[in-house]
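Worksheet: the structure to be examined is printed underneath.
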Amino acid sequence: MNLERIVVVGKSGSGKSTLAKKLAEKVHLTYVELDAINWLPNWRVCRRDDMRKRVEEALPVDGRWVADGNYIRRVIDIFWPRANTVIWLDYPLRVALLRLLWRTIRRIFWREELWNGNRESLRKHLSLDKDKNLFIWMIRTHKQHRNEFPVLFKQPEYSHLNVLRFRTPAETEQWVNGL
């Protein structure tokens, strides 16, 4: 299997970044976190044109990289055609929710900086605004991802991709350990 340009997708909290970092280290790839490109200071979203330019630069056609993040409507047409493998972390909602809960508690408690000075806040996660509360966002996009990804994988422009769909963290870990 050719693991030179990998995209890791899945719902929030599924472990995309953790897996991508692990793969980057294990198979010696450049790690690119699309959230770090998208999120500017003070949780501002990168302008679409700027993000597209930055993704093009970060993920060269002939490079060796692993990128994590969905960004289907913003830049999928740039990085999926360049990739040779897509790993879909399609875990049950309860698994991802629990992972997201522990990750969020850790980030808030330790005041972890995410991207460009941004930090998670309890206030944001207690909000009922679907665009601010990551838990509401995850629940809202869970079914959407389950419907959308299989359709995307069947598109002619993505037929070259080797798609690996993992349904449990144990299944993912077993695959990684076998590399």
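Nothing in this text is a laboratory measurement; each read-out follows from the coordinates by a stated rule. Only a predicted model underlies this, so the values are computations on that prediction, with no experimental measurement involved. Here Cβ is always computed from backbone atoms with ideal geometry, including for glycine, and neighbour counts include all displayed protein chains.
Extension gain Q174-E112, at 0.36 nm per residue separation less the Cα-Cα distance, in nm?
Working: separation 62, 0.36 × 62 = 22.32 nm, distance 2.90 nm.
Result: 19.4 nm gained on full extension.
Determine the gain in length on full extension of the stretch E56-H28; use 0.36 nm per residue of separation and subtract their C-alpha separation, reporting nm with one decimal.
Details: separation 28, 0.36 × 28 = 10.08 nm, distance 2.02 nm.
So the extension gain works out to 8.1 nm.
So if each residue of separation counts as 0.36 nm, and I subtract the Cα-Cα distance between I72 and Y158, what length gain in nm does that give? Numbers along the way, then the final one.
Details: separation 86, 0.36 × 86 = 30.96 nm, distance 1.28 nm.
Extending this stretch completely gives an extra 29.7 nm.
Roughly what would the spin-label model give for N133 and R146, points 7 Å off Cα along C-beta, in nm?
Going from the N133 label point to the R146 one covers 2.1 nm.
Any chance you could tell me what percent of the C-alpha pair distances in the chain go past 28 Å? Don't skip to the answer; put the middle values down first.
On the way: 3375 of 15931 pairs.
Of all Cα-Cα distances in the chain, 21 percent exceed 28 Å.
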